[in-house]
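The values are calculated or read from the model by the stated rules, or taken from the named source; none is laboratory data. All figures in this text were calculated on a predicted structure; none of them were measured in a lab. Heads up, the Cβs are rebuilt from the backbone with ideal geometry, glycines too, and the neighbour counts pull from every protein chain shown.
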Amino acid sequence: MSKLILMVFLVLSIAFLLFSSSIYADDAVYIKKPVAYDANLQKEGRLVWQKNNCHVCHQLYGLGGFLGPDLTNVAEKGYNYMDTFLKVGVNSMPIFNLTKEEKLHLFEFLKATNASGSANPKDYKILMDGMIVQK
Amino acid sequence: MKLSKNTGTLFLLTGLGLFFASIIFGFLASIIYQYPEFLKDSLGLIKLRPMHVSAALFWILVAATGAIYKSLAILTKKDSYPLLQKIHWGLWIFSLLGIFYCYATGNFGGREYWEYPPVFAIPIGLAWLLFLLIFFLKVKSIKKWPVYVWMWMTGIVYFLFIFIENYFWVIPYFRESFIKDMVIQWKAAGSIVGAYNMLVYGSVFFIMERISKKAHTGFNKWAFALFFLSFFNMLFNWGHHLYLVPTNASIHYAGYIVSMTEWVFFIKIIYNWKKQVTEAEAFYHYYPYRFILAFNFWLFFNLTLALFMSIPVINLYMHGTHFITAHAMGTTIGINTMILLAALFFFLVPKKEHHQSQLLNTGFWGIQISLLVFLLSLMAMGFVKSIWFFEEPQAQFAEMMARMKPFTLLFIFSGFSLFLSFLGVISGFVFMLFKKHP
């Protein structure tokens, strides 16, 4: 029985490694909206998002904290909208003293999240098998 | 009791300290939902949430490590490699001190659940590598592995792999596409829960085998079948976190189909119910068993929630709402914490006759009732948000939050009651631990 157990364990592990590798190598861009953004700056913006723990209160595609709104598509409201909240703060949101460069990077990141699609559940359609896809 | 004599004990008690810290941070964080200005200029949610979540996560990892060391000492009838185990513990202490210092001073840089600067992943990774080495050195004397040794091995090996994957983002290549980065982040976040659940579930299996004194259960075919089903889910069901994320459809379908195999667990729990009631009558006053019984109830509760959330069309209405928080907290408290509290009692205060305590009894029931109200209030908050998502015209976010207010208050009060109940159980446990029993 031990050999069988080991075999099943190895087969599942190999399948997992193959599936994982296909995800790491996936070069598809998955852009749903014609929004231009700087691919290099958005990478830096992701780090600004992390360094300031934005996910503690906010979500991207519904994943994150629930004290503040989802910010996947907030870039549609423009740079000044984001900048005002960062400068003034609101309720439990503190004032973030980000540099001009950090704010630009963060906005590029938010433009990239916006370009990828919509996080609004109303923008999804239900398929016959129960799956959901963006309209 | 000489606490330093066994490293398993040190791990278990370090875990208990982390759990205590987690419930304090969690309670303080919950107040912010009602009073946004609370501690805004000192800690705020930005510091409190990582402190709470990391302390809870580390409680599970550290206490599960302790439970495995204790179990292996019983299985192999010796506590071998004490120096390596002490180094292992030392690496954890170093990491924990550094991480919480960074949190207190507002030095972040990591991602959700792992917000500390990524440099601390190195000592944690080394600690895990050492754990892997010690584990294999210890189990080499066991000729035929029972299912829980397989579970521990799987949990340790895969935790290390997924923990490394969790840090792929430090390489710019993985951040080039926002969607790919997000998929890898939630792939790792989903699978890593499965990996540490293997450690915890293996421990509960070992404890139950010892309580029931049925040595053959660890070799039961059903036990191995369920182990492989859990393993299969750990590897492939994480796609259910990503139904809304526009990525490769194969990820969504793999998550959907694999998650549905969990109905087998659901049916098996119901099937075992009657047997468990009979057992409960025999062991009710023994706290390790009582916490395991509570774990079974919460497993059923959370599995039901998880199964529905894994159906994409239902997920559409629950995703991005407090249903997710209810599920996460339900599993962390109801499943992992119940098992690890059972382990603390089983390994450190093993005698049934020492478990007669009114404080413990009140604390135990306080936890169960408060947790139920706590989770229901979160689900009610989720329901309010779900309705808001689909209303036309949609109200402002702040107005939706105001609609939640009665449930938010219930969430805070039940959270406080949960905090006090846990405090009762921890105090009762510590009192028993240091009391000189005749």
**OP:** Kindly indicate whether any position in segment A:7-23 is more than 10 Å from chain B (Cβ to nearest Cβ), in contact with a Leu (Cβ under 9 Å, 6 or more places away or on another chain) and surrounded by 15 or more Cβ atoms within 10 Å (Cβ to Cβ).
**Re:** no
Subject >> Number of the condition not met by B:Gly428 [criteria: (1) modelled with pLDDT of 95 or more; (2) of a type outside the set (Lys, Arg); (3) surrounded by 19 or more Cβ atoms within 10 Å (Cβ to Cβ); (4) within 24 Å of B:Phe20 (Cβ to Cβ)] >> reply: (1)
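Condition check ((1) surrounded by fewer than 14 Cβ atoms within 10 Å (Cβ to Cβ); (2) touching a residue at least 24 places away in the same chain (Cβ under 8 Å); (3) part of a helix (DSSP H, G or I)) across all residues:
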| site | (1), (2), (3) |
| --- | --- |
| A:Asn97 | yes, no, no |
| A:Leu104 | no, yes, yes |
| A:Phe107 | no, yes, yes |
| A:Thr113 | no, yes, yes |
| A:Gly117 | no, yes, no |
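Confirm whether B:Ala225 is assigned to a helix (DSSP H, G or I) and either facing chain A (nearest Cβ under 9 Å) or buried (at least 17 other Cβ atoms within 10 Å of the Cβ) (or both). Steps first, answer last, please.
Numbers: assigned to a helix (DSSP H, G or I): yes; either facing chain A (nearest Cβ under 9 Å) or buried (at least 17 other Cβ atoms within 10 Å of the Cβ) (or both): no.
Considered against the rule, which asks whether it is assigned to a helix (DSSP H, G or I) and either facing chain A (nearest Cβ under 9 Å) or buried (at least 17 other Cβ atoms within 10 Å of the Cβ) (or both), B:Ala225 comes out as no.
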Original post:
How many residues are among the polar types (S, T, N, Q) and within 14 Å of chain A (Cβ to nearest Cβ) if we restrict to segment B:275-328?
Top reply: 4
Subject >> Members of segment B:128-153 found to be of a type in the set (A, V, I, L, M) and under 19 Å from the mean Cα position of the chain (by Cα), listed by number >> reply: B:Met151, B:Met153
Original post:
Hey, does segment B:171-183 have a residue that's at pLDDT 95 or above, under 21 Å from B:Leu61 (Cα atoms) and either crowded, with 22+ Cβ neighbours inside 10 Å or out of contact with any Ser or Thr (no Cβ under 6 Å at 6 or more places or on another chain) (or both)?
Top reply: no
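Could you list all residues from segment B:72-91 that are assigned to a loop (DSSP other than H, G, I, E, B) and among the aromatic types (Phe, Trp, Tyr)? Talk me through it step by step, then tell me what you get.
Our first condition is that a residue be assigned to a loop (DSSP other than H, G, I, E, B); within segment B:72-91, this holds for B:77-81.
Listed by number, the list holds a single entry, B:Tyr81.
Which of the residues spanning segment A:24-35 are more than 8 Å from chain B (Cβ to nearest Cβ) and loosely packed, with under 12 Cβ neighbours inside 10 Å?
At the first step, the residues of segment A:24-35 found to be more than 8 Å from chain B (Cβ to nearest Cβ) are A:25, A:31, A:33-35.
The answer is A:Ala25, A:Pro34.
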Subject >> Filter result for A:Gly64 (out of contact with any Ser or Thr (no Cβ under 7 Å at 6 or more places or on another chain) and facing another protein chain (nearest Cβ under 8 Å)) >> reply: yes
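Among the residues of segment B:22-54 satisfying the criterion of being aliphatic (A, V, I, L, M), part of a helix (DSSP H, G or I) and at the interface with chain A (Cβ under 10 Å from one of its Cβ atoms), which is nearest to the chain's Cα centre (by Cα)?
Applying the first criterion (aliphatic (A, V, I, L, M)) to segment B:22-54 yields B:23-24, B:28-29, B:31-32, B:39, B:43, B:45-46, B:48, B:51, B:53.
So of that shortlist, the ones also part of a helix (DSSP H, G or I) come out as B:23-24, B:28-29, B:31-32, B:45-46, B:48, B:51, B:53.
If we keep only those that are at the interface with chain A (Cβ under 10 Å from one of its Cβ atoms) as well, we get B:29, B:32, B:45-46, B:48, B:53.
Numbers: B:Ala29: 19, B:Ile32: 23, B:Leu45: 21, B:Ile46: 22, B:Leu48: 18, B:Val53: 10 Å.
Restricting to residues being aliphatic (A, V, I, L, M), part of a helix (DSSP H, G or I) and at the interface with chain A (Cβ under 10 Å from one of its Cβ atoms), the top hit is B:Val53.
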Original post:
Of the residues B:Leu12, B:Leu96, B:Leu84, which single one is closer than 23 Å to B:Leu199 by Cβ, away from chain A (no Cβ under 14 Å) and either basic (Lys, Arg) or under 16 Å from the mean Cα position of the chain (by Cα) (or both)?
Top reply: B:Leu12
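Quick one: which of B:Ala326, B:Ala294, B:Ala282 is over 30 Å from A:Ser13 (Cβ atoms), out of contact with any Cys (no Cβ under 9 Å at 6 or more places or on another chain), at pLDDT 95 or above and assigned to a helix (DSSP H, G or I)?
On the way: B:Ala294 fails: at pLDDT 95 or above; B:Ala282 fails: at pLDDT 95 or above.
Checking each option against the conditions leaves just B:Ala326.
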Original post:
What is the residue count in segment A:38-48 for residues that are more than 9 Å from chain B (Cβ to nearest Cβ) and crowded, with 20+ Cβ neighbours inside 10 Å?
Top reply: 2
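May I ask you to list the residues in segment A:119-135 that are more than 9 Å from every other protein chain (Cβ to nearest Cβ) and not in a loop (DSSP other than H, G, I, E, B)? It would help to see each step written out before you state the result.
The initial filter retains those residues of segment A:119-135 that are more than 9 Å from every other protein chain (Cβ to nearest Cβ), namely A:123, A:125, A:128, A:135.
The answer is A:Asp123, A:Lys125.
Among the candidates B:Phe206, B:Phe232, which residue alone is facing chain A (nearest Cβ under 8 Å) and either part of a helix (DSSP H, G or I) or surrounded by fewer than 19 Cβ atoms within 10 Å (Cβ to Cβ) (or both)? Before the answer, list the steps.
Numbers: B:Phe206 fails: facing chain A (nearest Cβ under 8 Å).
Matching residue, one of B:Phe206, B:Phe232: B:Phe232.
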Original post:
Under 6 Å by Cβ, and 6 or more places apart or on different chains, what pairs join a residue from segment B:399-418 that is within 17 Å of A:Asn91 (Cα to Cα) with one that is part of a helix (DSSP H, G or I)?
Top reply: B:Met400/B:Trp388; B:Arg403/B:Val384; B:Met404/B:Met381; B:Met404/B:Val384
Original post:
Looking at (1) in a loop (DSSP other than H, G, I, E, B); (2) away from chain B (no Cβ under 11 Å), can you tell me which one A:Ala75 breaks?
Top reply: (1)
